[in-house]
Amino acid sequence: MELLGKKIVLGITGGIAAYKAAELTRLLLKQGAEVQVVMTEAATHFVGPVTFQALSGKPVFTDQWDARMANNMAHIDLSREADLILVAPASADFLARVAQGQAGDLLTTLVLARDCPLLVAPAMNRQMWENPATQRNAATLAADGIAILGPGCGEQACGETGDGRMLEPAELLEEIIAFFQPKVLAGRKVLLTAGPTFEALDPVRGITNLSSGKMGYALARACRQAGAEVLLVSGPTGLPCPRGVVRVDVTAALEMHQAVLAKAAASDVFIGVAAVADYRPATPAERKIKKSAATMQVDLVKNPDILADVAALPKPPYCVGFAAESHDLPTYAEGKRVNKKLPLVVGNLITDGFGGDHNTVVLFDAAGAHPLPTASKAEVARAIVAAIAERLA
Ligand code: PMT
């Protein structure tokens, strides 16, 4: 429920992508938002208002002369309670009319009379988008403080390929969730590690652990939503890269060490969420090991400590470590903080942290222990981001 209680006016203009606005409505509602749909006359040629009424549970407005508003002022009343207006899809014609301050129908009048932020998701043929007139209009809208989401690039309904596709509903949802987050890390560069590492024994086997990557990915997403430029160095996970985050995929601890140290000095914050293998097989077999012997010994050598090496740089970024412990969390987490010379460590029990969608963490800094309530990893990540931002300020 990342949009709980948010009131969103969803404007829909005439374009084939209007059908995707139905899925977007559903996604916004699923996150707890209240959605009021307003359609242009052209939009109703693509999808009927009944569809949106059924999905949103509210009457859909299409006409500025709609008599349902007691004072007949739909253009004022519909936006006054709204936290934002999102127009998706936004046609070339709509962008042009808003850029000129026109108010010839309900949606443009509503937009002109708004006292809340406006976000638009352009959707049109690539030539229409590239046309200098559309580009001029988009630049005017941006200069007026209107957020332009996309467009994306790809195959278009007309059969051509290029820029002009409306962002997918899930991408727009991410943008809306991010919009509501305070930009406490704006202008900061954040480097993170996430997931497990995999230390090869032979070409098909290895030593790894049960980290799913969820906590690290949630933190990368929360940092991005807080306005940071985010680089995520990820061990093997099946998770999709969070929107707006740059990801470098690695497998073993040595690769993770190399990828992190290449970027650490240029970062403002480093967060080590990965469950890095402490040891790796000394000499991985080049060929698949055969089960000829009844027992086998494997020599292990210690991996470099990525976090400790970053913290030991001449001008280290603000370093945050994680500690997953089976017992005595305060002792071990605080011990790691002191030994690795870190300002902040996030401690979690292995029963809470590994694999699931929720986590219970305690922050350890020089002032002591600060427990956070059990919450989803997305919420825990936001609380950690707030704690980092507070300490950076
Ligand atoms: O991925 P999930 O399933 O969501 O699970 C999340 C998590 C439990 C893996 C995560 O919340 C967590 O606690 N990660 C740290 C795991 C751990 O206990 O690490 P550690 O105690 O081995 O290392 C302490 C810190 O040093 C960590 O920040 C680790 O990233 C870092 N480290 C450790 C060893 C090493 N060679 N290099 C490192 O950078």
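The values are calculated or read from the model by the stated rules, or taken from the named source; none is laboratory data. None of these values were measured; they are calculated from a predicted model. No Cβ is skipped: glycine too gets one built from the backbone with ideal geometry, and neighbour counts run over all protein chains shown. We work out accessible area using only protein heavy atoms, side chains counted, and drop any ligands, DNA or RNA first. Shrake-Rupley method; radii C 1.70, N 1.55, O 1.52, S 1.80 Å.
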Flagged in segment 65-95 as in contact with a Lys or Arg (Cβ under 9 Å, 6 or more places away or on another chain) and closer than 21 Å to residue 123 by Cα, in numbering order, are 84, 85, 88, 89
From the set of residues in segment 250-276 that are farther than 14 Å from residue 308 by Cα, in a loop (DSSP other than H, G, I, E, B) and within 15 Å of the ligand (Cβ to nearest atom), which is farthest from the chain's Cα centre (by Cα)? 252
In contact (Cβ under 8 Å) with a residue 60 or more places away in the chain and among the basic types (Lys, Arg), is that true of residue 280? yes
Just to be sure before I move on: is residue 370 closer than 22 Å to residue 226 by Cβ, open to solvent by 30 Å² or more (accessible area, probe 1.4 Å) and either more than 12 Å from the ligand (Cβ to nearest atom) or of a type in the set (Gly, Ala, Ser) (or both) in the structure I sent? yes
Could you grab me the full set of residues in segment 131-160 that are open to solvent by 90 Å² or more (accessible area, probe 1.4 Å) and either in contact with a strand residue (DSSP E or B) (Cβ under 7 Å, 6 or more places away or on another chain) or outside the structural domain of residue 15 (by TED's automatic domain parsing) (or both)? 153, 155
Residue count for segment 306-340, restricted to those that are more than 10 Å from the ligand (Cβ to nearest atom), under 18 Å from residue 257 (Cβ atoms) and either open to solvent by less than 70 Å² (accessible area, probe 1.4 Å) or modelled with pLDDT under 95 (or both): 3
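Regarding residue 163, is this residue modelled with pLDDT under 95, open to solvent by 60 Å² or more (accessible area, probe 1.4 Å) and not polar (S, T, N, Q)?
Taking the combined requirement at face value, the residue satisfies it.
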Against the definition (out of contact with any strand residue (DSSP E or B) (no Cβ under 8 Å at 6 or more places or on another chain) and modelled with pLDDT of 95 or more), how does residue 212 come out, yes or no? yes
Check whether at least one residue in segment 123-143 is at pLDDT 95 or above and in a strand (DSSP E or B), and report yes or no. no
Within segment 144-168, can you find the residues that are in a strand (DSSP E or B) and farther than 21 Å from residue 21 by Cβ? 161, 162
Checking residue 290 against (1) closer than 15 Å to residue 196 by Cβ; (2) more than 14 Å from the ligand (Cβ to nearest atom), which single condition isn't satisfied? (1)
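This table checks each residue for (1) buried (at least 22 other Cβ atoms within 10 Å of the Cβ); (2) acidic (Asp, Glu); (3) assigned to a loop (DSSP other than H, G, I, E, B).
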residue	(1), (2), (3)
14	no, no, yes
50	no, no, no
53	no, no, no
66	no, yes, yes
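Can you name the residue in segment 199-246 that is hydroxyl-bearing (Ser, Thr, Tyr) and in a loop (DSSP other than H, G, I, E, B) and is also most open to solvent (accessible area, probe 1.4 Å) among such residues? Working first, answer last.
So the first thing to find is which residues in segment 199-246 are hydroxyl-bearing (Ser, Thr, Tyr), and the list is 208, 211-212, 217, 234, 237.
Subsequent filtering for residues that are in a loop (DSSP other than H, G, I, E, B) retains 208, 211-212, 237.
Details: 208: 77, 211: 24, 212: 34, 237: 40 Å².
Among those residues, the one meeting the criterion is 208.
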